[in-house]
Amino acid sequence: MIRTSIIFLLFSFSCTTTQLNQALGDLNKSIGGEKPLTTAEVADGLKEALINGISKGSDQVSQLDGYFKNPEIKIPFPPDVKRVENTLRDIGLGGEVDKFIMTLNRGAEDAAKEAKPIFISAIKSMTIEDAWGILKGDQDAATQYLKRTTLAQLKEKFKPVIQNALNKVNATKYYSDLVTRYNKIPTVEKVNPNLDDYATDKAIDGLFLMIAKEEKNIREDPVARTTDLLKKVFGYNK
């Protein structure tokens with residue numbers, strides 16, 4: 001039997017409990033003998049999709065070179081002190097700058113290993129209404145929901161992880177040494193930006209970018225729906 005598009009159906013309804021039940025009733029009629037989706041299945045499917053995206057995205061960036069060799073999320077020298085990088089390269093310290101950038105990304109890769117449980121824990125608070133709203137939303141609606149509802153808490157929890165990671169790979173020391181050497185150059189304006197805040201924000205941005213890509217992939221590519229529930233929630237035949 002040709003399955004009616006779940007996404008198309010959802011655009012006709014808002015997310016009150018009564019309207020969710022109405023949507024499910026109409027879906028039941030449209031697919032005849034097939035077992036219809038329940039509101040719980042929609043919520044579970046969205047949570048499963050998020051967990052899959054988070055797991056795959058986090059696993060990708062936490063590997064060696066997950067940040068450093070991915071041009072989409074590679075963390076550069078802090079742009080607000082770009083003059084530091086340029087000056088250091090001009091005086092022959094380009095190799096030291098490159099070493100710092102590599103260790104900065106190594107720190108993010110190391111921290112990303114700890115990010116997955118933080119994200120997954122946040123998903124558990126998603127309501128059924130949230131799930132239906134996400135299902136009929138944009139390609140990155142679930143990622144945006146996660147960002148909107150967890151970003152402040154995520155930063156608070158993630159910052160100590162990135163601090164420890166940067167210290168572990170000596171990125172903080174390399175940065176301090178570079179800034180110290182820069183500040184000794186005559187006539188330059190002294191700088192002392194917060195590396196931990198910068199690295200934390202960029203590492204989280206990279207994670208969200210990869211998660212959004214995985215979410216879009218699950219929505220668009222049937223092959224990416226690796227479980228029966230994902231196929232049921234996101235799949236349809238035109």
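The values are calculated or read from the model by the stated rules, or taken from the named source; none is laboratory data. As the structure is a prediction and not an experimental result, all values here were calculated from the model. All Cβ positions, even for glycine, are placed from backbone atoms using ideal geometry, and neighbour counts span all protein chains on display.
Some observations on this one:
- Residue tally, condition hydroxyl-bearing (S, T, Y), touching a helix residue (DSSP H, G or I) at 6+ places or on another chain (Cβ under 7 Å) and surrounded by fewer than 18 Cβ atoms within 10 Å (Cβ to Cβ), over the range 124-148: 0
- Residue identified as modelled with pLDDT under 85 and of a type in the set (S, T, Y) among T150, T180: T150
- Which listed residue, of L27, L46, L93, L37, is at pLDDT below 55 and either crowded, with 18+ Cβ neighbours inside 10 Å or more than 27 Å from the chain's Cα centre (by Cα) (or both): L27
- Qualifying residues in the range 37-89 (those that are among the polar types (S, T, N, Q) and outside any helix (DSSP H, G or I)) - the one nearest to E129 (Cα to Cα): T38
- Residue pairs meeting the criteria (Cβ under 6 Å; at least 6 apart or on separate chains; first among the acidic types (D, E), in the range 104-115; second modelled with pLDDT of 80 or more): E109/S62; E109/G66; E109/Y67; D110/A165; E114/V161
- Yes/no for D98 being without any contact (Cβ under 8 Å) to a residue 40 or more places away in the chain and farther than 29 Å from A43 by Cα: yes
- The helices (runs of 4 or more DSSP H) found entirely in the range 94-196 that carry 2 or more residues being more than 21 Å from F77 (Cβ to Cβ) and β-branched (V, I, T) are 94-123, 128-135, 141-168.
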